[in-house]
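Engineer: Structure incoming, see below.
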Amino acid sequence: MNVTQIFAIAKKEIKLNFRFKWNYFGDAILQPLRFVILFSVVYSGFFLSGAKEIGGITQTNFISFLILGSLVHTFFSFGFNIFKTKFINEKYWQTILSFLVAPVHRLKLVIGIGLSELPRLGIILVIFLGIAYLITPIAFAKLLLVILIIFLAFLGTLGVSLIIGAFSLANEDTLFAFSYIYWGWTFLSCLYYPLSSLPRFLHLAVRINPIYHCIEFIRELWLGLSGTTAVHLCFIIPFAILAPVIGVYLFNKIIKKIGITGY
Amino acid sequence: MIQIKNLTKTYLIKKRDRGFSFGRPKRFFNALDDINLEIKEGEVFGLLGPNGAGKTTLIKIISGLLQPTSGWVKIDNKPVEEVRGKIGLMLGYTMIYYRITGYDNLEYFARLYNVKNFKSRIKELAEFLGLENWLDEYVEHYSTGMKSKLALARALIHNPDILLLDEPTLGLDPHIAIDVRKKIKQMKKTIILTTHYMEEADQLSDRIGFLNQGKLIKVGTPQDLKQIMGREKEISLEDVFIKLTKV
């Protein structure tokens, strides 16, 4: 694979983002804090009222539980929405055509755009993992595995995002639906609460969700919560490989069939 | 060589009526209607036609940006998808990023097209188009003329065999327009050029095609086309344009 094109895409994106850098970094750093603060208040209330444990979450690990959830949520959120935002911008800047005519495999776009998000996601990663490490230290090998799992989930999410990006170019009428898909997917990922807190009829939907397996695996590694590593990997690895491939295939199909509309 | 055979592009459009409603009646609209054309290697082919004639649609199909409803385009006997790297496309002064510098734009596209020694290629193009002193500026600070030149540089960055230029001098003052035309004239490439400026088509084109309502109604050299008006003196392409495209 020719990596020059990947780095060219990443470099150009970083330069575009750095044109308004306060907005670029500010949103990324503040967004995850909202949920940590919100759920910290909720969990503090539970434990202050005498509760000892909620689905494996205790008074001693709930901050790490929330920080890890928020970290995965940040990667998921940025990954899911990135192509929608990017392609809408590029559609109205009329620059998307220059990419579409270039002889570049779309998979390189997925990786390049993913890399371009590293400056801000990297900061979140270091800060959040640093705090979690100070509260609950873990072995270095486990730490590396956690980072790898986060990036695999991010790669899969980027693949899904490319499909949404294709719709943002082809038919913006569909975009509201993706906002609800994002909301539902986040809800079914158990990022801030344990699976047991959801009604039983939703458990199947949660158990087939790769983001749920990502956060569960990380919590197993970090907090020692019970789980099955092999099952988690069976969801995370295929998601990381298949989602980008399917994303590229559908992106090409949608753009070929419908083209770009609305500008 | 570019071969275009039975090319048709049809859009389904909603009929306008008063007020807002779902499921408005629809009709088909042929943006291009059975276009047949061959453009030889090294030829400069001018596409003329009124607004909405289908010029940009044809350029977009040749570049692979749009799919035809029927018919095909081949470049050197290959489908467009296989020879995308041989094509340079300029759609006015779009397709460049305003929020980064001119140099960053050219570097980005050079790398996308795997241009070896891209630094010297950028320098060469900057000198050719008079962009040297502007490359380190954000494109948002460029004048329209400079943006057009940068867009042309972007289209040329990978030294394509085929250049598709859609209104390359639109909105430029006469000095810069003359300069851009001069640069286009100096290139030894297969060029398809759309324009509304008749003198531009006259100066640059080996052959000209008139498109009207999606149909290619006449193809010939500028001299041949002027013959249509008879033997009168001082016939311009504008006279021919008005005669051919009169509704």
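Engineer: Taking the criterion of being hydrophobic (A, V, I, L, M, F, W, C) and touching a Lys or Arg at 6+ places or on another chain (Cβ under 7 Å), would at least one residue in segment B:162-179 satisfy it?
Structural biologist: Yes, segment B:162-179 contains a residue that is hydrophobic (A, V, I, L, M, F, W, C) and touching a Lys or Arg at 6+ places or on another chain (Cβ under 7 Å).
Engineer: Note down all Cβ pairs under 9 Å where the first residue falls in segment A:3-21 and is more than 9 Å from every other protein chain (Cβ to nearest Cβ), the second is crowded, with 22+ Cβ neighbours inside 10 Å and among the aliphatic types (A, V, I, L, M), and they're at least six residues apart or on different chains.
Structural biologist: As it stands, the answer is A:I6/A:L109, since those pairs meet every condition given.
Engineer: Counting just the residues of segment A:11-36 that are over 16 Å from A:T85 (Cα atoms) and of a type in the set (A, V, I, L, M), which one comes out surrounded by the most Cβ atoms within 10 Å (Cβ to Cβ)?
Structural biologist: A:V36
Engineer: Against the definition (aliphatic (A, V, I, L, M), assigned to a helix (DSSP H, G or I) and within 14 Å of chain B (Cβ to nearest Cβ)), how does A:I254 come out, yes or no?
Structural biologist: When the stated conditions are applied, A:I254 passes them.
Engineer: Right, next: Could you please tell me which pairs satisfy a Cβ distance under 6 Å, a separation of 6+ or placement on different chains, a first residue in segment A:86-112 that is facing chain B (nearest Cβ under 7 Å), and a second residue that is assigned to a helix (DSSP H, G or I)?
Structural biologist: A:V101/B:S63; A:A102/B:L112; A:P103/B:R84; A:P103/B:G85; A:V104/A:Q5; A:V104/B:L112
Engineer: Kindly establish whether A:L125 is more than 27 Å from B:R154 (Cβ to Cβ), out of contact with any helix residue (DSSP H, G or I) (no Cβ under 9 Å at 6 or more places or on another chain) and either modelled with pLDDT under 95 or more than 14 Å from chain B (Cβ to nearest Cβ) (or both).
Structural biologist: On the way: more than 27 Å from B:R154 (Cβ to Cβ): yes; out of contact with any helix residue (DSSP H, G or I) (no Cβ under 9 Å at 6 or more places or on another chain): no; either modelled with pLDDT under 95 or more than 14 Å from chain B (Cβ to nearest Cβ) (or both): yes.
Taking the combined requirement at face value, the residue does not satisfy it.
Engineer: Take the residues in segment A:197-230 that are touching a Gly at 6+ places or on another chain (Cβ under 8 Å) and part of a helix (DSSP H, G or I), then tell me which one is surrounded by the most Cβ atoms within 10 Å (Cβ to Cβ).
Structural biologist: Only one residue tops the list, namely A:E216.
Engineer: Can you name the residue in segment B:134-189 that is outside any helix (DSSP H, G or I) and charged (D, E, K, R) and is also nearest to the chain's Cα centre (by Cα) among such residues?
Structural biologist: B:D166
Engineer: Please work out which one of (1) within 22 Å of B:F109 (Cα to Cα); (2) surrounded by fewer than 23 Cβ atoms within 10 Å (Cβ to Cβ) is the condition A:F83 fails and give its number.
Structural biologist: Going through the list (1) within 22 Å of B:F109 (Cα to Cα); (2) surrounded by fewer than 23 Cβ atoms within 10 Å (Cβ to Cβ), A:F83 breaks only (2).
Engineer: Return yes when A:P137 is more than 14 Å from chain B (Cβ to nearest Cβ) and surrounded by fewer than 19 Cβ atoms within 10 Å (Cβ to Cβ) and no when it is not.
Structural biologist: Answer is yes for this residue.
Engineer: Follow-up question, since we're still on this one. Looking at segment B:36-116, what strands (runs of 3 or more DSSP E) fall wholly within it and have at least 3 residues that are more than 8 Å from chain A (Cβ to nearest Cβ)?
Structural biologist: Numbers: elements: B:44-48, B:70-75, B:87-91.
Fully inside segment B:36-116 and qualifying: B:44-48, B:70-75.
Engineer: Return the residues of segment B:164-186 that are in contact with a Leu (Cβ under 8 Å, 6 or more places away or on another chain) and surrounded by fewer than 15 Cβ atoms within 10 Å (Cβ to Cβ); say none if nothing qualifies.
Structural biologist: Scanning segment B:164-186 gives a single hit, B:K185.
Engineer: Now for a different question. If I filter segment A:187-196 for residues that are within 18 Å of the chain's Cα centre (by Cα), open to solvent by 30 Å² or more (accessible area, probe 1.4 Å) and without any contact (Cβ under 8 Å) to a residue 60 or more places away in the chain, do I get at least one hit?
Structural biologist: First, pick out the residues of segment A:187-196 that are within 18 Å of the chain's Cα centre (by Cα): A:187-193.
Right, trim to open to solvent by 30 Å² or more (accessible area, probe 1.4 Å) and you get A:187-188, A:193.
Narrowing further to those that are without any contact (Cβ under 8 Å) to a residue 60 or more places away in the chain: A:187-188.
Yes, segment A:187-196 contains a residue that is within 18 Å of the chain's Cα centre (by Cα), open to solvent by 30 Å² or more (accessible area, probe 1.4 Å) and without any contact (Cβ under 8 Å) to a residue 60 or more places away in the chain.
Engineer: The conditions are (1) open to solvent by less than 10 Å² (accessible area, probe 1.4 Å); (2) within 19 Å of B:R111 (Cβ to Cβ); (3) not hydroxyl-bearing (S, T, Y), and B:G145 fails exactly one of them. Which is it?
Structural biologist: Exception for B:G145: condition (2).
The values are calculated or read from the model by the stated rules, or taken from the named source; none is laboratory data. Since we're looking at a predicted model, the values are computed, not measured. Glycine gets a Cβ as well: all are built from the backbone with ideal geometry, and neighbour counts include every protein chain shown. We work out accessible area using only protein heavy atoms, side chains counted, and drop any ligands, DNA or RNA first. Shrake-Rupley method; radii C 1.70, N 1.55, O 1.52, S 1.80 Å.
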